[in-house]
Amino acid sequence: MKVLGFESSCDETGVALVEFEGQGAPRLLAEALHSQIVMHQAYGGVVPELASRDHIRRVLPLTREVMKQAGCSLAEVDVIAYTQGPGLAGALLVGAGVAVSLAAALGKPAVAVHHLEGHLLSPFLSEDPPEFPFVALLVSGGHTQLMRVDEVGSYELLGETIDDAAGEAFDKSAKLLGLPYPGGPHLAKLAEAGNAEAFALPRPLLHSGKPDFSFAGLKTAVLTQRNKLGEAMTEQQRADLAASTQAAIVEVLLKKALLALKETGLKRLVVAGGVGANKALREQLDKACAKRGVRVHYPELRLCTDNGAMIAMAAALRLQRGTAACSGSGAFEVRPRWSLDRIS
Ligand code: KG4
Ligand code: ZN
């Protein structure tokens, strides 16, 4: 069975084709991605209206590219999957509109996918997919959550951020340091030359005893330090502040992930979402988990951030279990706000 997946929830247009036979592991046949980052950089963040318009421009050429790469025609596609939410309403409408119309034109079912479920299941696209059950650390630009995952579709929220997401903390701190959007990877790069102990930044809720997070205070602390240093801030101090910021975020994510593993007694951790690409986070998680006999799974680096492959994969895994949200009516709705533990 061939599943064509569309992702358009934020600033990446992703299209991908995944194939599976019976209960065999789905495999990626082809994928194409267009990132709008350069377009939004001029504004220091994502401009929703520009994002929607760009998705419209990109989605069909990317679809043609995927079909060409895979060497098959749209008539050979069995199911069309799309991100239904959460995300920017206008951006979601583009992917959903194209996917559902295409499905109606081809007389095939359309499957709605939760964006975070896509991230969560993205390690199934790797050579070494995880086994259930596991603890998932979801760290993206909009979400920071720890979940217990017993099966595809069975997600128990263990804890989440009460304010900013980890990616947001990276991005807002990076902006304060004069780095371009999205700041996470830029801040991580600058941190390589810095001393992580140079500035004592807060680790909110670190000792709350619960797997919850709070990152809003961190950007205020970064702002205070930056203002204290003012114009006289040297390149070394800038790198030190970046390294100290990264260390604070990573320490909180690490401690809370370990707490969730301890609470659930599970020995497997899946890290997903854009911040999962962070090298310092990966190094520290690997080290701490190895000590505790916990296996850590990551998506491939390029699949950490938004992409169509994870959407096609999530739909494929649900189709295999008979739990996909199929519709053939041509009607659709998007869900800009949608919690993952609410899905069935
Ligand atoms: O999952 P994602 O592509 O989009 C959302 O669904 O939000 O995540 C994007 C986030 C951004 O905040 C970006 O700065 C962050 O992931 N990010 C990183 C790194 N690569 C991406 N943060 C820290 N280190 C990185 N290497
Ligand atoms: Zn995402």
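Considering only residues in region 137-176 that are within 7 Å of ligand 1 (Cβ to nearest atom) and in a helix (DSSP H, G or I), the one that is surrounded by the fewest Cβ atoms within 10 Å (Cβ to Cβ) turns out to be Glu168. Checking each residue in region 275-294 for being in contact with a strand residue (DSSP E or B) (Cβ under 7 Å, 6 or more places away or on another chain) and either part of a loop (DSSP other than H, G, I, E, B) or assigned by TED's automatic domain parsing to the domain that holds Ala16 (or both) picks out only Val294.
Looking across region 5-34 at every residue that is in a strand (DSSP E or B) and in contact with a Phe, Trp or Tyr (Cβ under 9 Å, 6 or more places away or on another chain), the one that is surrounded by the fewest Cβ atoms within 10 Å (Cβ to Cβ) is identified as Arg27. In region 5-29, the residues that are assigned by TED's automatic domain parsing to the domain that holds Ala112 and over 22 Å from Gln84 (Cα atoms) reach residues that are in a strand (DSSP E or B) and at pLDDT 95 or above with C-beta atoms within less than 7 angstrom, at least six apart or across chains, in these pairs: Arg27/Val18; Arg27/Glu19; Leu29/Leu17; Leu29/Val18; Leu29/Glu19. The number of residues in region 1-52 that are farther than 26 Å from Val77 by Cβ and more than 15 Å from ligand 1 (Cβ to nearest atom) comes to 6. Among the conditions (1) in a helix (DSSP H, G or I); (2) outside the structural domain of Ala25 (by TED's automatic domain parsing), Ala198 misses just one, which is (1). Looking only at residues in region 294-334 that are of a type in the set (S, T, N, Q) and buried (at least 20 other Cβ atoms within 10 Å of the Cβ), which one is farthest from ligand 1 (Cβ to nearest atom)? The residue in question is Asn307. At pLDDT below 95, at negative phi and within 16 Å of ligand 2 (Cβ to nearest atom), is that true of Gly142? Yes: the conditions hold for Gly142. Checking the structure you have, find out if any residue of region 256-279 is farther than 25 Å from Asp11 by Cα, free of Cβ contacts under 8 Å to residues at least 24 places away in the same chain and either more than 16 Å from ligand 2 (Cβ to nearest atom) or surrounded by fewer than 15 Cβ atoms within 10 Å (Cβ to Cβ) (or both). Checked against the condition, which is being farther than 25 Å from Asp11 by Cα, free of Cβ contacts under 8 Å to residues at least 24 places away in the same chain and either more than 16 Å from ligand 2 (Cβ to nearest atom) or surrounded by fewer than 15 Cβ atoms within 10 Å (Cβ to Cβ) (or both), region 256-279 yields at least one hit. Can you confirm whether Thr83 is hydroxyl-bearing (Ser, Thr, Tyr), more than 22 Å from Pro299 (Cβ to Cβ) and buried (at least 20 other Cβ atoms within 10 Å of the Cβ)? The answer is no for Thr83. Taking the condition of being farther than 18 Å from Glu131 by Cβ and not hydrophobic (A, V, I, L, M, F, W, C), how many residues in region 282-297 meet it? Total satisfying the criteria: 6. Applying the criterion of being part of a loop (DSSP other than H, G, I, E, B) and touching a His at 6+ places or on another chain (Cβ under 7 Å) to the residues of region 300-344, the residue that is modelled with the lowest pLDDT is Ile343.
The values are calculated or read from the model by the stated rules, or taken from the named source; none is laboratory data. Just so you know, these numbers come straight off a predicted model, no measurement behind them. Using ideal geometry, Cβ is built from the backbone for each residue, glycine included, and neighbour counts are taken over all protein chains shown.
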